[in-house]
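Asker: Sharing a structure here in C-alpha cells format.
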Amino acid sequence: PFSYVGGMVTSRIATDGSYNEAYGLDGILLLSGDNYLSFGWAQTFEKGRKNNPLSLDPTRLRLAYERRTKKGLGAYLGLSRAGKDYVPGIGFEMREDFTASRVEILYGWIPGEKSFLQSHSVQAEASLALRNEDNTIESAHFEPRWEFNTKSGWGGHFAYRFNKESLRELLEFSTEANVPPGEYTFSRLRSFFHAPMGGLLGAVTMVEVGSFYDGSRMTLRIMPTWSILPDLSLSGQYE
C-alpha cells in the first residue's frame, strides 16, 4: 500500500580487459486509493559497443499504470522497451531490441455472506511485442479468464489463450523436437485449481490442452504439499 524507489549497480570485469557495467532504478508510486504508477530504467555499458548514455540503444525502460482491486473495475496498462545495445552481463532477458505493451482489464465481485464464493472476477489480458529494427510483430497473445476463491480456501481459474509467434531462427526444445522459422498461431485451454492452504495436506493442479506452434500439446501438472511441522513442509511436482 506504499510507494518505494530502489536502485542497483552491477559490474563484471574479465581478465582480458572486457567489461559489462549496468545500473538500474525502479519504483512504485501510490497515486491515490488503488491507483499506482510503476517505472523502471536501466542502462548497460559493454566493451565494443557505443555506450552512449544519451541514447535509447543501451537502455531498458518500463512504465505502467495499475488499478489494484478485487471488487469493481481493475486495470493494468504497461509499456516497455529495450534497445539494441542493452545487454545485461549479470542478468537475463527473454527478448532483445524490442518494444512491448501489455493491457489487462478485470471486473471483480465479492458476493457476500450467502455465497460459497469469497471473490471471483472476469479478466482479459493482451500483449504485443514488436522488433525495433522493422516494427514487425515478434509475439502477441490474448487471454480471457475467470478466477475464483471460495470461503473454504479452494481457488483457481479457467482460461483460453491465443498466441501469435514469428520465428526468424530455429526454435529447439530438444535434439528431437524443434520448430522451423515461420509465422505461427495457436491456442490452448487451461484449468488451474488449488486446495486450501495451511492444512496438513495441500495440492495445486493444472491442466492445459491445445495446439502448440505446428503441433499439439497436453500438459498435466500436480504439486502436492505436506505440512510436517508448523515451520516445515515437504512438496513435490509431477508434470
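The values are calculated or read from the model by the stated rules, or taken from the named source; none is laboratory data. Everything quoted here is computed from the prediction, not taken from an experiment. Cβ sites come from the backbone with ideal geometry, for glycine too, and all protein chains shown count toward neighbours. Calculation scope for accessible area: heavy atoms of the full protein, side chains included, ligands and nucleic acids excluded. Shrake-Rupley method; radii C 1.70, N 1.55, O 1.52, S 1.80 Å.
Asker: Under 5 Å between amide H atoms, partner at least 5 residues away or on a different chain: which partners does Asn132 have, H built in plane at 1.01 Å?
Answerer: Amide H neighbours of Asn132, under 5 Å, 5+ apart: Phe98, Thr99.
Asker: What Rg and what Dmax come out for segment 149-194 when only alpha-carbon atoms are used, in angstroms?
Answerer: 16.8, 48
Asker: Calculate the all-directions average of the projected area of segment 37-173's alpha-carbon convex hull, and give it in nm². Before the final figure, lay out each step's value.
Answerer: On the way: hull surface 45.8 nm².
Average projection, Cα convex hull of segment 37-173: 11.4 nm².
Asker: How big is the chain on each of its three principal axes, counting only the C-alpha atoms and giving the largest first in Å?
Answerer: 64, 50, 39
Asker: At a 1.4 Å probe radius, carbon and sulfur cover how many percent of the accessible area of segment 12-57?
Answerer: Heavy-atom surface of segment 12-57 belonging to carbon and sulfur, 1.4 Å probe: 60 percent.
Asker: Per residue of segment 202-217, what does 6.51 cos²θ - 1.76 cosθ + 1.60 with θ = phi - 60° give for ³J(HN,Hα)? Whole Hz please, x for Gly and Pro, Karplus curve as stated.
Answerer: For segment 202-217, the Karplus-derived couplings read x, 7, 10, 10, 9, 10, 10, 9, x, 7, 8, 6, 9, x, 9, 8 Hz, x marking Gly and Pro.
Asker: Still on this structure, I have one more. Given Cα positions, please report Rg to Rh for segment 146-239, the hydrodynamic radius being the Kirkwood one.
Answerer: Rounded to two decimals, Rg/Rh equals 1.12.
Asker: Please report how far the C-alpha centroid of segment 7-30 lies from that of segment 150-220, rounded to the nearest whole angstrom.
Answerer: After rounding, the separation between the Cα centres reads 34 Å.
Asker: In Å², what does the accessible area per residue of the chain work out to with a 1.4 Å probe? Working shown, then result.
Answerer: On the way: 15220 Å² over 239 residues.
Per residue, the chain has 64 Å² of solvent-accessible surface.
Asker: At 1.4 Å probe size, with the rest of the protein present, what percent of the exposed accessible area of segment 61-145 is carbon and sulfur atoms?
Answerer: 59 percent
Asker: Tell me which residues come under 5 Å, amide H to amide H, from Ser119 once H is placed; ignore anything under 5 positions away on its chain.
Answerer: Asn149
Asker: Once you list every other residue whose beta carbon is under 9 Å from the beta carbon of Phe162, what net charge do they have if Lys and Arg are +1 and Asp and Glu are -1?
Answerer: In short, +2.
Asker: Assuming R0 = 41 Å, what is the FRET efficiency of Thr15 and Ser235, from their Cβ-Cβ distance, to the nearest 0.05?
Answerer: With R0 = 41 Å, the Cβ-Cβ based efficiency is 0.45.
Asker: Of the lysine pairs in the chain, how many meet both conditions: Cα atoms under 25 Å apart, and a spacing of 8 or more in sequence or different chains?
Answerer: Numbers: Lys47/Lys84; Lys50/Lys84; Lys70/Lys114; Lys70/Lys151; Lys71/Lys114; Lys71/Lys151; Lys84/Lys164; Lys114/Lys151.
So the count works out to 8.
Asker: Along segment 133-139, what does the Karplus equation 6.51 cos²θ - 1.76 cosθ + 1.60 (θ = phi - 60°) give for ³J(HN,Hα), rounded to whole Hz, x for Gly and Pro?
Answerer: 5, 9, 6, 7, 6, 8, 7
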